[in-house]
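Engineer: Before I ask anything, let me first share the structure, which is written out below as structure tokens.
Just so it is clear, none of the values below were taken in a lab; they were calculated from the coordinates. Just so it is clear, the model here is predicted, and its values are computed rather than measured. With ideal geometry, Cβ positions are generated from the backbone for all residues, glycine too; neighbour counts draw on all protein chains shown.
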Amino acid sequence: MALTKVRNQKGFTLLELLVVAAIIAIIAAIAIPSLLNARRAAWQSRAKGTLRSIGSSQLAYQGTNNNKFYGTFIALKDDMYIAEGYTLGNMIENYSMTWTATSPYSDRNYSGLGGIANNTFTVIAYPRDTRAGFLNTFCVTEDQVVRVFIEPSDGGPAPFASIYHWEPIL
């Protein structure tokens with residue numbers, strides 16, 4: 001008859017628990033930054049997509065009104081180009097927006113030209129989280145090009161100060 005040694009074990013040893021905790025910590029250290037980068041990319045993708053949709057809505061609005069001007073946020077919302085319940089602060093997750101539309105009839109002094117040449121709009125989506133490099137600032141204008149704001153290397157002006165720091169997104 002062979003005798004076997006039976007070990008009476010009611011739980012894990014401290015060493016086993018520390019090994020498991022270390023493995024979990026290593027996996028978390030690898031996974032969490034990847035998940036955050038994926039979320040950041042998704043937020044930015046939604047911002048760009050929403051701005052493209054706004055540009056298309058502006059073209060549709062311009063095509064349906066007799067004066068051929070672009071609409072303000074309220075005008076597009078009133079004509080149901082923008083769904084009920086949206087505001088400039090909640091239309092894009094983690095972003096707020098500014099919206100300007102200049103029609104030939106509201107600003108005759110704009111660049112000295114009269115008529116349709118003054119018909120412009122600019123919509124800027126800027127991140128609520130102001131950490132440098134965390135989320136990008138985007139805009140769309142009447143040329144239907146979505147642009148990203150490139151921070152000046154000299155720590156220069158805010159995104160609203162100069163169009164020269166806006167790069168088209170291809």
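Engineer: Please compute the length gained on full extension between Ala29 and Asn66, using 0.36 nm multiplied by the number of residues separating them and subtracting their Cα-Cα distance.
Structural biologist: 7.5 nm
Engineer: What does the charge count near Pro33 come to, summing +1 for each Lys or Arg and -1 for each Asp or Glu among other residues with Cβ under 12 Å from its Cβ?
Structural biologist: +2
Engineer: Within the set of other residues whose C-beta is less than 9 Å from the C-beta of Val146, count the net charge using Lys and Arg as +1 and Asp and Glu as -1.
Structural biologist: After counting each charged neighbour, the total is +3.
Engineer: Can you list the aspartates and glutamates whose alpha carbon is less than 12 Å from that of Lys48, not counting same-chain residues fewer than 8 positions off?
Structural biologist: Glu93
Engineer: Count charges around Asp129 for me, please; just the other residues with Cβ under 12 Å from its Cβ, Lys/Arg as +1, Asp/Glu as -1.
Structural biologist: +3
Engineer: Spin-label point model (7 Å from Cα, Cβ direction): what's the Ser45 to Glu84 distance in nm?
Structural biologist: 3.1 nm
Engineer: Report the extension gain between Leu17 and Thr130 in nm, rounded to one decimal, defined as 0.36 nm multiplied by the number of residues separating them, less their alpha carbon distance.
Structural biologist: The Leu17-Thr130 span can extend by a further 36.7 nm.
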